[in-house]
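Working notes for the structure below.
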Number of protein chains: 2
Amino acid sequence: MDKKPNEVLVSMKNVEDYALEVITLLNQGAQEVDIKGVGRDIGKAVDVFNMIKDKLGNGVELGSVSIGSESRDKKRLSFILLRVKKVY
Amino acid sequence: MDKKPNEVLVSMKNVEDYALEVITLLNQGAQEVDIKGVGRDIGKAVDVFNMIKDKLGNGVELGSVSIGSESRDKKRLSFILLRVKKVY
Ligand SMILES: [Zn+2]
């Protein structure tokens, strides 16, 4: 897994934990943050985006959505990458 | 759930079943087909797209990706809509 500076990888924690993690990054000056979900966590990544949108409204927008697949432990897993952008 | 003519709603069947359903629609003349996944089936919808891409290669492209949430049985569920477009 390739975790980048402004990337939040969604996994076992609550949706709200990840949403707050993204909001904190934005509050600390990040212009955009990627929310990544892999395999069965793809749906949770979308939940995280929806919660951020609920909390910040027009303060954020969905910049882009990428999907694809990557290998992990010899298994091929689908992923999603949701780019959240700050709006001024 | 609002199932449209060229929309394949991903649910309990295998990934391959849905991939074949989309490919059949494209072969029958559809220019684009939406793959929809709701809640825990969002990841499976991405799997379906990846399988179609594996099978058809440059014959298809990802036209757009929409995410959002909708209500079902008083619960709010995230969804994804992946638009697959035929390429000539
Ligand atoms: Zn619907």
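Rounded to the nearest 10 degrees, the inclination of helix A:42-56 to the longest alpha-carbon principal axis of chain A is 0 degrees.
Placing +1 on the Cβ of every Lys and Arg and -1 on the Cβ of every Asp and Glu, with no other charges, gives the protein assembly as shown a dipole of roughly 100 debye about its Cα centre.
Put a plus charge on the Cβ of each Lys and Arg, a minus charge on the Cβ of each Asp and Glu, and nothing anywhere else: the dipole of segment B:7-86 about its Cα centre is then about 280 debye.
Think of a 1.4 Å ball rolled over the protein heavy atoms: chain A then has 55 Å² of accessible area per residue. The calculated 222 nm mean residue ellipticity attributable to helices in chain B amounts to -10500 deg cm²/dmol, summing -39500 (n - 2.57) over DSSP H runs of n ≥ 4 and dividing by all residues.
With kT/(6 pi eta Rh) evaluated at 25 °C and eta = 0.890 mPa s, and Rh the Kirkwood radius from Cα pairs, segment A:32-74 diffuses with a coefficient of 209 µm²/s according to Stokes-Einstein. Position B:LYS13: other-copy label points at 3.9 nm, ordered by increasing distance, label point 7 Å along Cα→C-beta. The alpha carbons of the protein assembly as shown stretch over 51, 39, 29 Å along the principal axes, in descending order.
When the P(r) of segment A:7-86 is calculated, the portion above 16 Å amounts to 45% of the C-alpha pairs.
Relative to the longest principal axis of the Cα atoms of chain B, the long axis of helix B:15-27 makes an angle of roughly 50 degrees. Residue and whole-Å distance for the chain A Cβ lying nearest the axis of the A-onto-B rotation are A:VAL65, 2.
Tell me the carbon and sulfur percent of the accessible area for chain B, rounded to whole percent, probe radius 1.4 Å. Using a 1.4 Å probe with all protein chains present, chain B comes out at 48 percent carbon and sulfur.
The values are calculated or read from the model by the stated rules, or taken from the named source; none is laboratory data. The structure displayed is predicted, hence computed values, not measured ones. With ideal geometry, Cβ positions are generated from the backbone for all residues, glycine too; neighbour counts draw on all protein chains shown. SASA here: full protein model, heavy atoms, side chains in, ligands and nucleic acids out. Shrake-Rupley method; radii C 1.70, N 1.55, O 1.52, S 1.80 Å.
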